Amino acid sequence: MTEATLHPQWWHRSTIYQIYPRSFADSNGDGIGDIPGIISKLEYLRTLGIEVIWLSPIYASPMDDNGYDISNYQDIAPEFGTLADFDRLVAEANSRGIGIVLDLVVNHTSDEHPWFIEAHKSVDNPYRDFYIWRKPAEDGGPPNGLASSFGGPAWSLDPESGEYYLHLFSRRQPDLNWENPKVRAEIYKMMNWWLKRGISGFRMDVIDYIGKQIDQSVITDGAHLHDYLQEMNRETFGSRNVLTVGETWSATPGSALLYSGRDRGELSMVFQFEHVTQQWDEVYGKWRSRPFDLVKLKSVLSKWQYALSDDGWNSLFWGNHDLPRAVSKYGDVKGFPVESAKMLATILHLLKGTPFIYQGEEIGMTNAPFSKIEQYRDIETLNMHRLHLEAGLAPEEFIKGANENGRDNARTPMQWTSEANAGFTAGIPWIEVNDNYTTINAERAITDEHSIWNHYRRLIALRKEHSVIVYGRYQSYLDQHPDVFAYTRTLDDKRLVVLANFSARSISVDLPNELQVTGRCLINHYGPVDQLQGCIELRPYEAFAVLADAD
(Lines give C-alpha, C1' and ligand atoms only; values in the text may rest on other atoms or scores of the structure.)
Protein backbone atom coordinates (compact mmCIF):
# COMPACT_ATOMS: atom_id res chain seq x y z
CA MET A 1 0.00 0.00 0.00
CA THR A 2 1.31 3.45 -0.90
CA GLU A 3 0.05 6.81 0.15
CA ALA A 4 -1.09 7.53 -3.42
CA THR A 5 -3.53 4.62 -3.29
CA LEU A 6 -5.12 6.21 -0.22
CA HIS A 7 -6.47 9.16 -2.27
CA PRO A 8 -4.77 11.89 -0.20
CA GLN A 9 -6.42 15.28 0.18
CA TRP A 10 -4.85 18.42 1.62
CA TRP A 11 -7.28 18.44 4.56
CA HIS A 12 -6.34 14.90 5.64
CA ARG A 13 -3.25 16.22 7.43
CA SER A 14 -4.84 19.47 8.61
CA THR A 15 -6.28 20.35 11.99
CA ILE A 16 -9.32 22.64 11.91
CA TYR A 17 -10.08 25.28 14.52
CA GLN A 18 -13.65 26.48 15.05
CA ILE A 19 -14.20 30.10 15.99
CA TYR A 20 -17.46 31.38 17.43
CA PRO A 21 -16.89 35.01 16.39
CA ARG A 22 -19.17 36.60 18.99
CA SER A 23 -17.04 35.11 21.77
CA PHE A 24 -13.51 34.99 20.35
CA ALA A 25 -11.89 38.44 20.46
CA ASP A 26 -13.44 41.91 20.65
CA SER A 27 -11.40 44.66 18.98
CA ASN A 28 -13.62 47.69 19.64
CA GLY A 29 -14.88 47.30 23.21
CA ASP A 30 -18.56 46.72 22.45
CA GLY A 31 -18.52 43.36 24.26
CA ILE A 32 -18.95 41.33 21.06
CA GLY A 33 -16.15 39.53 19.26
CA ASP A 34 -15.48 40.61 15.68
CA ILE A 35 -13.44 39.98 12.54
CA PRO A 36 -10.63 42.43 13.38
CA GLY A 37 -10.36 40.59 16.69
CA ILE A 38 -9.92 37.30 14.83
CA ILE A 39 -7.25 38.87 12.63
CA SER A 40 -5.36 39.95 15.75
CA LYS A 41 -5.18 36.30 16.89
CA LEU A 42 -4.07 34.67 13.63
CA GLU A 43 -0.48 34.41 14.76
CA TYR A 44 -1.66 32.55 17.86
CA LEU A 45 -3.40 30.01 15.61
CA ARG A 46 -0.46 29.73 13.22
CA THR A 47 1.86 28.97 16.13
CA LEU A 48 -0.55 26.30 17.35
CA GLY A 49 -0.29 24.68 13.91
CA ILE A 50 -3.80 25.38 12.62
CA GLU A 51 -4.29 25.29 8.83
CA VAL A 52 -8.06 25.83 8.61
CA ILE A 53 -10.44 28.10 10.52
CA TRP A 54 -14.17 27.38 10.50
CA LEU A 55 -16.16 30.49 11.34
CA SER A 56 -19.63 30.23 12.80
CA PRO A 57 -21.94 32.62 10.88
CA ILE A 58 -20.80 36.18 10.37
CA TYR A 59 -23.52 37.18 7.90
CA ALA A 60 -26.05 39.97 8.43
CA SER A 61 -28.63 38.77 10.94
CA PRO A 62 -31.05 40.01 13.60
CA MET A 63 -29.29 37.48 15.87
CA ASP A 64 -32.37 35.65 17.13
CA ASP A 65 -30.16 32.53 17.09
CA ASN A 66 -26.75 34.24 17.21
CA GLY A 67 -26.31 34.43 13.45
CA TYR A 68 -27.87 31.14 12.40
CA ASP A 69 -30.80 33.28 11.24
CA ILE A 70 -29.45 35.05 8.17
CA SER A 71 -31.06 38.16 6.67
CA ASN A 72 -28.43 38.74 3.96
CA TYR A 73 -26.11 35.97 2.78
CA GLN A 74 -23.78 38.40 1.03
CA ASP A 75 -23.08 40.91 3.76
CA ILE A 76 -21.44 40.91 7.18
CA ALA A 77 -23.26 41.60 10.46
CA PRO A 78 -22.20 45.12 11.54
CA GLU A 79 -21.18 43.91 15.01
CA PHE A 80 -18.64 41.61 13.33
CA GLY A 81 -17.27 44.11 10.81
CA THR A 82 -17.46 44.68 7.07
CA LEU A 83 -16.81 42.80 3.83
CA ALA A 84 -13.50 44.66 3.66
CA ASP A 85 -12.63 43.26 7.08
CA PHE A 86 -13.55 39.78 5.86
CA ASP A 87 -11.41 40.09 2.73
CA ARG A 88 -8.51 41.20 4.92
CA LEU A 89 -9.07 38.18 7.17
CA VAL A 90 -8.89 35.82 4.19
CA ALA A 91 -5.71 37.50 2.92
CA GLU A 92 -4.02 37.62 6.34
CA ALA A 93 -4.95 34.00 7.05
CA ASN A 94 -3.78 32.79 3.64
CA SER A 95 -0.45 34.52 4.15
CA ARG A 96 0.01 32.27 7.19
CA GLY A 97 -1.05 29.11 5.39
CA ILE A 98 -4.54 29.16 6.94
CA GLY A 99 -7.76 28.75 4.98
CA ILE A 100 -11.16 30.14 5.99
CA VAL A 101 -14.24 27.88 5.98
CA LEU A 102 -17.64 29.56 6.25
CA ASP A 103 -20.74 28.24 7.96
CA LEU A 104 -23.38 27.63 5.26
CA VAL A 105 -26.89 27.95 6.74
CA VAL A 106 -29.30 27.11 3.93
CA ASN A 107 -32.01 25.00 5.56
CA HIS A 108 -33.61 28.25 6.70
CA THR A 109 -33.20 32.02 6.68
CA SER A 110 -34.20 34.81 9.02
CA ASP A 111 -37.76 36.09 8.81
CA GLU A 112 -36.07 39.41 7.99
CA HIS A 113 -34.51 38.04 4.80
CA PRO A 114 -35.89 39.85 1.72
CA TRP A 115 -37.13 36.53 0.33
CA PHE A 116 -39.35 35.95 3.35
CA ILE A 117 -40.50 39.55 3.52
CA GLU A 118 -41.70 39.16 -0.06
CA ALA A 119 -43.13 35.68 0.53
CA HIS A 120 -45.12 37.03 3.46
CA LYS A 121 -46.89 39.65 1.37
CA SER A 122 -49.36 37.39 -0.43
CA VAL A 123 -50.03 33.81 -1.47
CA ASP A 124 -49.31 34.66 -5.12
CA ASN A 125 -46.05 36.53 -4.49
CA PRO A 126 -43.20 35.16 -6.67
CA TYR A 127 -41.20 34.37 -3.50
CA ARG A 128 -44.04 32.56 -1.72
CA ASP A 129 -42.73 29.19 -2.88
CA PHE A 130 -39.25 29.96 -1.52
CA TYR A 131 -40.64 28.76 1.82
CA ILE A 132 -42.95 26.00 3.03
CA TRP A 133 -46.57 26.96 3.63
CA ARG A 134 -49.58 24.85 4.48
CA LYS A 135 -53.26 25.43 5.19
CA PRO A 136 -54.47 24.84 8.77
CA ALA A 137 -55.74 21.49 9.97
CA GLU A 138 -59.51 21.03 10.13
CA ASP A 139 -59.56 22.43 13.66
CA GLY A 140 -57.67 25.54 12.54
CA GLY A 141 -54.46 24.44 14.25
CA PRO A 142 -51.06 23.57 12.77
CA PRO A 143 -51.09 21.36 9.65
CA ASN A 144 -49.46 18.48 11.53
CA GLY A 145 -47.69 17.68 14.79
CA LEU A 146 -44.12 18.50 13.76
CA ALA A 147 -42.17 20.04 16.65
CA SER A 148 -39.46 22.68 16.57
CA SER A 149 -36.02 21.69 17.82
CA PHE A 150 -36.23 24.77 20.04
CA GLY A 151 -39.53 23.68 21.58
CA GLY A 152 -43.18 24.05 20.62
CA PRO A 153 -44.82 23.53 17.21
CA ALA A 154 -42.77 23.79 14.03
CA TRP A 155 -45.52 25.88 12.43
CA SER A 156 -46.45 29.54 12.90
CA LEU A 157 -49.66 31.10 11.59
CA ASP A 158 -49.60 34.02 9.18
CA PRO A 159 -52.90 35.72 10.15
CA GLU A 160 -53.14 37.72 6.93
CA SER A 161 -53.11 34.73 4.57
CA GLY A 162 -54.48 32.20 7.03
CA GLU A 163 -51.62 29.80 6.24
CA TYR A 164 -48.87 28.37 8.41
CA TYR A 165 -45.16 28.51 7.57
CA LEU A 166 -42.65 25.88 8.66
CA HIS A 167 -39.75 26.57 11.01
CA LEU A 168 -37.92 23.55 12.40
CA PHE A 169 -36.00 25.88 14.71
CA SER A 170 -37.05 29.35 15.94
CA ARG A 171 -40.26 30.87 14.53
CA ARG A 172 -37.93 33.55 13.20
CA GLN A 173 -36.08 30.95 11.12
CA PRO A 174 -38.50 29.93 8.34
CA ASP A 175 -37.43 26.84 6.40
CA LEU A 176 -36.50 27.19 2.75
CA ASN A 177 -38.29 25.08 0.15
CA TRP A 178 -35.51 23.09 -1.49
CA GLU A 179 -37.99 21.49 -3.88
CA ASN A 180 -38.11 24.86 -5.67
CA PRO A 181 -35.26 24.97 -8.25
CA LYS A 182 -35.20 28.78 -8.01
CA VAL A 183 -34.23 28.50 -4.32
CA ARG A 184 -31.42 26.11 -5.15
CA ALA A 185 -30.17 28.34 -7.96
CA GLU A 186 -30.03 31.38 -5.67
CA ILE A 187 -28.13 29.42 -3.02
CA TYR A 188 -25.59 28.11 -5.53
CA LYS A 189 -25.05 31.61 -6.88
CA MET A 190 -24.39 32.84 -3.36
CA MET A 191 -21.97 29.99 -2.63
CA ASN A 192 -19.97 30.74 -5.77
CA TRP A 193 -19.83 34.41 -4.78
CA TRP A 194 -18.08 33.43 -1.53
CA LEU A 195 -15.83 30.87 -3.19
CA LYS A 196 -14.62 33.56 -5.59
CA ARG A 197 -13.63 35.63 -2.56
CA GLY A 198 -11.06 32.98 -1.75
CA ILE A 199 -12.60 30.90 1.01
CA SER A 200 -11.47 27.30 1.52
CA GLY A 201 -14.89 25.68 1.82
CA PHE A 202 -18.10 25.37 3.82
CA ARG A 203 -19.39 23.73 6.98
CA MET A 204 -23.04 23.04 6.21
CA ASP A 205 -25.53 23.60 9.01
CA VAL A 206 -28.16 20.81 9.47
CA ILE A 207 -27.65 19.85 5.85
CA ASP A 208 -29.51 16.56 6.33
CA TYR A 209 -32.72 18.64 6.69
CA ILE A 210 -32.78 20.12 3.18
CA GLY A 211 -34.42 17.06 1.61
CA LYS A 212 -37.33 17.12 4.07
CA GLN A 213 -40.73 15.76 2.95
CA ILE A 214 -43.12 17.55 5.24
CA ASP A 215 -46.34 15.87 4.14
CA GLN A 216 -44.78 12.51 5.00
CA SER A 217 -43.33 13.94 8.27
CA VAL A 218 -39.83 13.16 6.97
CA ILE A 219 -37.33 15.70 8.33
CA THR A 220 -33.92 14.17 7.65
CA ASP A 221 -32.64 11.97 4.84
CA GLY A 222 -35.51 12.80 2.49
CA ALA A 223 -35.81 11.18 -0.92
CA HIS A 224 -34.01 13.97 -2.80
CA LEU A 225 -31.38 14.94 -0.21
CA HIS A 226 -28.47 13.39 -2.07
CA ASP A 227 -29.76 14.64 -5.41
CA TYR A 228 -29.56 18.17 -4.03
CA LEU A 229 -26.06 17.66 -2.63
CA GLN A 230 -24.79 16.22 -5.90
CA GLU A 231 -26.32 19.15 -7.76
CA MET A 232 -24.72 21.56 -5.28
CA ASN A 233 -21.37 19.85 -5.83
CA ARG A 234 -21.68 20.20 -9.61
CA GLU A 235 -22.84 23.81 -9.51
CA THR A 236 -20.42 25.18 -6.90
CA PHE A 237 -17.45 23.59 -5.17
CA GLY A 238 -17.02 20.31 -7.07
CA SER A 239 -14.38 21.69 -9.43
CA ARG A 240 -12.53 23.48 -6.64
CA ASN A 241 -10.06 21.98 -4.18
CA VAL A 242 -11.99 22.98 -1.07
CA LEU A 243 -13.27 21.36 2.12
CA THR A 244 -16.97 20.65 2.73
CA VAL A 245 -18.33 19.30 6.00
CA GLY A 246 -22.00 18.51 6.59
CA GLU A 247 -23.66 18.72 10.00
CA THR A 248 -25.78 15.55 10.05
CA TRP A 249 -27.32 14.61 13.39
CA SER A 250 -29.18 11.78 11.67
CA ALA A 251 -26.15 10.19 10.01
CA THR A 252 -25.39 6.50 10.40
CA PRO A 253 -22.18 4.81 9.27
CA GLY A 254 -24.04 3.68 6.15
CA SER A 255 -25.48 7.07 5.23
CA ALA A 256 -22.16 8.79 5.97
CA LEU A 257 -20.73 6.96 2.96
CA LEU A 258 -23.53 8.37 0.82
CA TYR A 259 -22.46 11.87 1.83
CA SER A 260 -18.70 11.39 1.68
CA GLY A 261 -17.83 8.38 -0.46
CA ARG A 262 -15.10 9.18 -2.98
CA ASP A 263 -17.30 8.49 -5.99
CA ARG A 264 -20.48 10.09 -4.66
CA GLY A 265 -19.75 13.66 -5.78
CA GLU A 266 -21.11 15.18 -2.56
CA LEU A 267 -19.10 16.28 0.52
CA SER A 268 -15.64 15.81 2.01
CA MET A 269 -17.01 14.48 5.32
CA VAL A 270 -19.84 14.85 7.80
CA PHE A 271 -20.19 15.55 11.48
CA GLN A 272 -21.97 12.66 13.15
CA PHE A 273 -23.17 12.89 16.73
CA GLU A 274 -23.81 9.35 17.85
CA HIS A 275 -21.13 9.60 20.54
CA VAL A 276 -22.98 12.67 21.86
CA THR A 277 -26.60 11.54 21.75
CA GLN A 278 -25.97 8.10 23.26
CA GLN A 279 -25.36 9.90 26.56
CA TRP A 280 -28.71 11.72 26.57
CA ASP A 281 -31.75 10.80 28.64
CA GLU A 282 -34.59 9.10 26.75
CA VAL A 283 -37.22 11.50 28.13
CA TYR A 284 -35.46 14.82 28.77
CA GLY A 285 -32.72 14.52 26.17
CA LYS A 286 -29.55 16.42 26.92
CA TRP A 287 -31.15 18.27 29.84
CA ARG A 288 -30.69 15.16 31.97
CA SER A 289 -27.51 13.23 31.20
CA ARG A 290 -26.87 9.55 31.62
CA PRO A 291 -23.76 8.52 33.57
CA PHE A 292 -20.64 8.46 31.43
CA ASP A 293 -19.98 5.00 29.99
CA LEU A 294 -16.57 4.51 28.37
CA VAL A 295 -17.47 1.11 26.92
CA LYS A 296 -20.37 2.67 25.01
CA LEU A 297 -18.24 5.61 23.89
CA LYS A 298 -15.52 3.29 22.57
CA SER A 299 -18.12 1.21 20.79
CA VAL A 300 -19.47 4.22 18.91
CA LEU A 301 -16.08 5.70 18.01
CA SER A 302 -14.77 2.31 16.87
CA LYS A 303 -17.90 1.64 14.81
CA TRP A 304 -17.30 4.82 12.84
CA GLN A 305 -13.58 4.17 12.46
CA TYR A 306 -14.29 0.75 10.96
CA ALA A 307 -17.18 1.90 8.76
CA LEU A 308 -15.17 4.67 7.08
CA SER A 309 -11.84 2.85 7.02
CA ASP A 310 -11.68 2.37 3.23
CA ASP A 311 -13.97 5.10 1.92
CA GLY A 312 -15.40 8.35 3.21
CA TRP A 313 -13.62 10.25 5.96
CA ASN A 314 -14.22 10.83 9.68
CA SER A 315 -14.49 14.19 11.38
CA LEU A 316 -12.98 14.01 14.86
CA PHE A 317 -14.33 16.30 17.57
CA TRP A 318 -15.25 16.47 21.23
CA GLY A 319 -16.99 19.84 21.21
CA ASN A 320 -18.40 22.70 19.16
CA HIS A 321 -20.64 25.75 19.63
CA ASP A 322 -23.64 23.51 20.41
CA LEU A 323 -21.94 21.13 22.86
CA PRO A 324 -20.48 21.25 26.38
CA ARG A 325 -16.80 21.75 27.01
CA ALA A 326 -14.84 18.56 26.36
CA VAL A 327 -12.95 18.42 29.65
CA SER A 328 -16.18 19.03 31.61
CA LYS A 329 -18.05 16.34 29.71
CA TYR A 330 -15.47 13.59 29.40
CA GLY A 331 -12.67 14.60 31.76
CA ASP A 332 -12.17 15.56 35.39
CA VAL A 333 -12.20 19.31 35.96
CA LYS A 334 -12.02 19.02 39.75
CA GLY A 335 -9.30 16.42 40.25
CA PHE A 336 -7.23 16.16 37.07
CA PRO A 337 -8.17 18.99 34.70
CA VAL A 338 -4.84 19.17 32.86
CA GLU A 339 -4.19 15.43 32.72
CA SER A 340 -7.68 14.57 31.53
CA ALA A 341 -7.68 17.33 28.90
CA LYS A 342 -4.39 16.04 27.49
CA MET A 343 -5.69 12.48 27.53
CA LEU A 344 -8.79 13.48 25.57
CA ALA A 345 -6.69 15.32 23.02
CA THR A 346 -4.35 12.34 22.55
CA ILE A 347 -7.16 9.84 22.05
CA LEU A 348 -8.99 12.02 19.53
CA HIS A 349 -6.11 13.37 17.47
CA LEU A 350 -4.54 9.98 16.85
CA LEU A 351 -7.73 8.48 15.39
CA LYS A 352 -8.18 8.32 11.62
CA GLY A 353 -9.89 11.46 10.36
CA THR A 354 -9.56 15.24 10.51
CA PRO A 355 -9.50 16.73 14.04
CA PHE A 356 -11.56 19.78 14.92
CA ILE A 357 -10.62 21.97 17.90
CA TYR A 358 -13.31 24.23 19.34
CA GLN A 359 -11.97 27.58 20.58
CA GLY A 360 -10.64 27.35 24.12
CA GLU A 361 -10.47 23.55 24.10
CA GLU A 362 -6.72 23.85 23.55
CA ILE A 363 -6.31 25.63 26.90
CA GLY A 364 -8.78 23.46 28.82
CA MET A 365 -11.72 25.86 29.08
CA THR A 366 -14.58 24.41 31.15
CA ASN A 367 -18.35 24.62 31.36
CA ALA A 368 -19.85 27.78 32.86
CA PRO A 369 -21.04 27.43 36.48
CA PHE A 370 -24.21 29.49 36.00
CA SER A 371 -26.73 29.33 38.85
CA LYS A 372 -29.66 31.35 37.44
CA ILE A 373 -31.59 31.11 34.18
CA GLU A 374 -31.05 34.86 33.73
CA GLN A 375 -27.36 34.20 33.06
CA TYR A 376 -28.14 32.21 29.91
CA ARG A 377 -28.41 33.77 26.46
CA ASP A 378 -29.13 30.80 24.21
CA ILE A 379 -32.63 30.71 22.69
CA GLU A 380 -32.75 26.91 22.91
CA THR A 381 -31.94 26.90 26.63
CA LEU A 382 -34.46 29.65 27.42
CA ASN A 383 -37.26 27.95 25.46
CA MET A 384 -36.51 24.52 26.90
CA HIS A 385 -36.40 25.93 30.44
CA ARG A 386 -40.01 27.03 30.14
CA LEU A 387 -41.20 23.82 28.48
CA HIS A 388 -39.39 21.43 30.82
CA LEU A 389 -40.60 23.23 33.94
CA GLU A 390 -44.14 23.03 32.57
CA ALA A 391 -43.56 19.28 32.07
CA GLY A 392 -42.56 18.85 35.70
CA LEU A 393 -38.76 19.05 35.75
CA ALA A 394 -37.51 20.82 38.87
CA PRO A 395 -35.84 24.24 38.20
CA GLU A 396 -32.61 23.21 39.92
CA GLU A 397 -32.47 20.00 37.88
CA PHE A 398 -32.86 21.96 34.65
CA ILE A 399 -30.04 24.32 35.65
CA LYS A 400 -27.91 21.28 36.46
CA GLY A 401 -28.62 19.86 32.99
CA ALA A 402 -27.95 23.22 31.31
CA ASN A 403 -24.64 23.51 33.16
CA GLU A 404 -23.71 20.05 31.88
CA ASN A 405 -24.96 20.22 28.30
CA GLY A 406 -26.37 23.66 27.42
CA ARG A 407 -24.99 25.50 24.40
CA ASP A 408 -23.86 28.57 26.35
CA ASN A 409 -21.10 26.48 27.92
CA ALA A 410 -19.26 26.73 24.62
CA ARG A 411 -20.10 30.38 24.12
CA THR A 412 -18.57 32.11 27.13
CA PRO A 413 -15.75 34.41 25.96
CA MET A 414 -12.37 33.02 24.98
CA GLN A 415 -9.99 33.33 27.92
CA TRP A 416 -6.90 35.13 26.64
CA THR A 417 -5.33 36.59 29.76
CA SER A 418 -5.80 36.97 33.52
CA GLU A 419 -6.81 40.62 33.04
CA ALA A 420 -10.39 41.88 33.34
CA ASN A 421 -12.90 39.96 31.21
CA ALA A 422 -10.12 37.48 30.37
CA GLY A 423 -8.70 39.97 27.87
CA PHE A 424 -11.67 39.31 25.60
CA THR A 425 -13.06 42.85 25.66
CA ALA A 426 -12.47 46.26 27.16
CA GLY A 427 -16.24 46.61 27.49
CA ILE A 428 -19.03 44.54 29.02
CA PRO A 429 -19.10 41.04 27.46
CA TRP A 430 -22.36 39.92 25.85
CA ILE A 431 -22.31 36.84 28.09
CA GLU A 432 -20.46 36.37 31.36
CA VAL A 433 -16.84 35.23 31.33
CA ASN A 434 -16.16 31.99 33.19
CA ASP A 435 -14.62 33.07 36.49
CA ASN A 436 -11.72 30.60 36.22
CA TYR A 437 -10.04 32.78 33.57
CA THR A 438 -7.40 33.94 36.04
CA THR A 439 -5.86 30.45 36.01
CA ILE A 440 -7.09 29.11 32.66
CA ASN A 441 -6.00 31.46 29.87
CA ALA A 442 -3.99 31.39 26.68
CA GLU A 443 -1.25 33.75 27.84
CA ARG A 444 -0.37 31.47 30.72
CA ALA A 445 -0.68 28.30 28.62
CA ILE A 446 1.64 29.39 25.84
CA THR A 447 4.52 30.04 28.23
CA ASP A 448 4.16 26.71 30.05
CA GLU A 449 6.01 23.89 28.29
CA HIS A 450 3.75 21.33 30.01
CA SER A 451 0.43 23.08 29.28
CA ILE A 452 -2.57 21.65 27.50
CA TRP A 453 -1.91 24.16 24.69
CA ASN A 454 1.59 22.83 24.06
CA HIS A 455 0.27 19.28 24.14
CA TYR A 456 -2.19 20.18 21.38
CA ARG A 457 0.59 21.86 19.42
CA ARG A 458 2.66 18.68 19.54
CA LEU A 459 -0.28 16.52 18.43
CA ILE A 460 -0.98 18.81 15.49
CA ALA A 461 2.68 18.62 14.44
CA LEU A 462 2.70 14.81 14.66
CA ARG A 463 -0.18 14.58 12.19
CA LYS A 464 1.84 16.53 9.64
CA GLU A 465 4.90 14.33 10.21
CA HIS A 466 3.57 10.77 10.41
CA SER A 467 1.47 9.20 7.66
CA VAL A 468 0.49 6.35 9.98
CA ILE A 469 -1.54 8.88 12.02
CA VAL A 470 -3.28 10.15 8.90
CA TYR A 471 -3.89 6.92 6.98
CA GLY A 472 -3.14 4.00 9.28
CA ARG A 473 -5.80 1.31 9.73
CA TYR A 474 -7.57 1.45 13.10
CA GLN A 475 -7.96 -1.55 15.41
CA SER A 476 -9.38 -1.39 18.93
CA TYR A 477 -8.48 -3.58 21.92
CA LEU A 478 -9.78 -4.09 25.46
CA ASP A 479 -13.22 -3.09 24.18
CA GLN A 480 -15.03 -4.12 27.39
CA HIS A 481 -12.55 -2.53 29.79
CA PRO A 482 -14.51 0.12 31.74
CA ASP A 483 -11.59 2.54 32.12
CA VAL A 484 -9.03 1.96 29.36
CA PHE A 485 -9.15 2.98 25.70
CA ALA A 486 -6.61 1.09 23.56
CA TYR A 487 -6.12 1.03 19.82
CA THR A 488 -3.49 0.69 17.11
CA ARG A 489 -2.95 2.44 13.80
CA THR A 490 -1.10 0.48 11.12
CA LEU A 491 0.25 1.58 7.74
CA ASP A 492 2.64 -0.71 5.84
CA ASP A 493 5.42 -1.54 8.35
CA LYS A 494 4.48 1.28 10.76
CA ARG A 495 2.39 0.55 13.85
CA LEU A 496 1.28 3.06 16.45
CA VAL A 497 -0.04 1.86 19.83
CA VAL A 498 -2.29 4.28 21.73
CA LEU A 499 -3.32 3.73 25.36
CA ALA A 500 -5.37 5.92 27.68
CA ASN A 501 -6.76 5.72 31.20
CA PHE A 502 -10.18 7.43 31.46
CA SER A 503 -10.24 7.24 35.27
CA ALA A 504 -8.93 9.22 38.24
CA ARG A 505 -7.04 6.26 39.68
CA SER A 506 -4.04 4.23 38.64
CA ILE A 507 -4.96 1.06 36.79
CA SER A 508 -2.97 -2.10 36.04
CA VAL A 509 -3.64 -3.53 32.59
CA ASP A 510 -2.67 -6.89 31.13
CA LEU A 511 -1.75 -6.08 27.56
CA PRO A 512 -2.79 -8.38 24.73
CA ASN A 513 0.10 -9.55 22.55
CA GLU A 514 -0.76 -7.06 19.80
CA LEU A 515 -0.09 -4.14 22.15
CA GLN A 516 3.23 -5.43 23.49
CA VAL A 517 5.85 -3.45 21.59
CA THR A 518 9.13 -1.67 21.95
CA GLY A 519 9.57 1.62 20.18
CA ARG A 520 9.58 5.40 20.37
CA CYS A 521 7.07 7.35 22.45
CA LEU A 522 5.63 10.05 20.19
CA ILE A 523 3.45 11.78 22.78
CA ASN A 524 2.89 11.53 26.54
CA HIS A 525 2.12 13.76 29.48
CA TYR A 526 3.55 11.89 32.49
CA GLY A 527 6.79 10.71 30.94
CA PRO A 528 7.91 8.72 27.88
CA VAL A 529 6.92 5.07 27.63
CA ASP A 530 9.10 3.18 25.16
CA GLN A 531 8.37 -0.42 26.10
CA LEU A 532 4.99 -2.09 26.52
CA GLN A 533 5.26 -5.58 27.96
CA GLY A 534 3.02 -7.80 30.08
CA CYS A 535 1.14 -5.90 32.74
CA ILE A 536 1.57 -2.12 32.82
CA GLU A 537 0.29 0.59 35.13
CA LEU A 538 -1.54 3.61 33.76
CA ARG A 539 -1.61 6.63 36.04
CA PRO A 540 -4.77 8.81 36.40
CA TYR A 541 -5.84 10.02 32.95
CA GLU A 542 -2.53 8.97 31.48
CA ALA A 543 -2.34 8.65 27.70
CA PHE A 544 0.55 7.99 25.35
CA ALA A 545 1.39 6.70 21.89
CA VAL A 546 4.30 4.40 21.02
CA LEU A 547 5.56 4.02 17.46
CA ALA A 548 6.71 0.41 17.37
CA ASP A 549 10.15 -0.56 16.12
CA ALA A 550 10.11 -2.37 12.79
CA ASP A 551 10.14 -6.16 13.19
**Report entry** Residues within region 37-51 that are in contact with a helix residue (DSSP H, G or I) (Cβ under 7 Å, 6 or more places away or on another chain) and either farther than 15 Å from Met414 by Cα or surrounded by 23 or more Cβ atoms within 10 Å (Cβ to Cβ) (or both), tallied
**Finding:** 3
Report task. Identify the single condition in (1) within 30 Å of Thr381 (Cα to Cα); (2) in contact with a strand residue (DSSP E or B) (Cβ under 7 Å, 6 or more places away or on another chain) that Thr412 does not satisfy, given that it satisfies every other one. Result -> (2)
Query - region 329-348: number of residues that are part of a helix (DSSP H, G or I) and either among the basic types (Lys, Arg) or surrounded by 23 or more Cβ atoms within 10 Å (Cβ to Cβ) (or both) - result: 9
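Listed here are the residues, each with its yes/no results for (1) surrounded by fewer than 22 Cβ atoms within 10 Å (Cβ to Cβ); (2) of a type in the set (A, V, I, L, M, F, W, C); (3) outside any loop (DSSP other than H, G, I, E, B); (4) under 21 Å from the mean Cα position of the chain (by Cα).
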site	(1), (2), (3), (4)
Gln74	yes, no, yes, no
Pro78	yes, no, no, no
Gly81	no, no, no, no
Asp87	yes, no, yes, no
Ser110	no, no, no, no
Ile117	yes, yes, yes, no
Ser122	yes, no, no, no
Report summary line: Flagged pairs (Cβ under 8 angstrom, 6 or more apart or on separate chains; first in region 104-118, polar (S, T, N, Q); second surrounded by fewer than 24 Cβ atoms within 10 Å (Cβ to Cβ) and assigned to a helix (DSSP H, G or I)) are Thr109/Trp115; Thr109/Phe116; Ser110/Phe116
Report summary line: Among Trp287, Trp313, the single one that is touching a residue at least 12 places away in the same chain (Cβ under 8 Å) and within 25 Å of Ser467 (Cα to Cα) is Trp313
Query raised in the report: Residues of region 209-245 being surrounded by 21 or more Cβ atoms within 10 Å (Cβ to Cβ), free of Cβ contacts under 8 Å to residues at least 60 places away in the same chain and in a helix (DSSP H, G or I), which ones?
Result: Leu225, Leu229, Met232
Report summary line: Matching residues in region 274-291 (modelled with pLDDT of 80 or more and either in a helix (DSSP H, G or I) or surrounded by 14 or more Cβ atoms within 10 Å (Cβ to Cβ) (or both)) number 6
Report task. Return the only residue of Ile38, Ile53 being in the same structural domain as Glu419 (by TED's automatic domain parsing) and part of a strand (DSSP E or B). Result -> Ile53
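The values are calculated or read from the model by the stated rules, or taken from the named source; none is laboratory data. Remember, predicted model here, so these are calculated numbers, not experimental data. Using ideal geometry, Cβ is built from the backbone for each residue, glycine included, and neighbour counts are taken over all protein chains shown.
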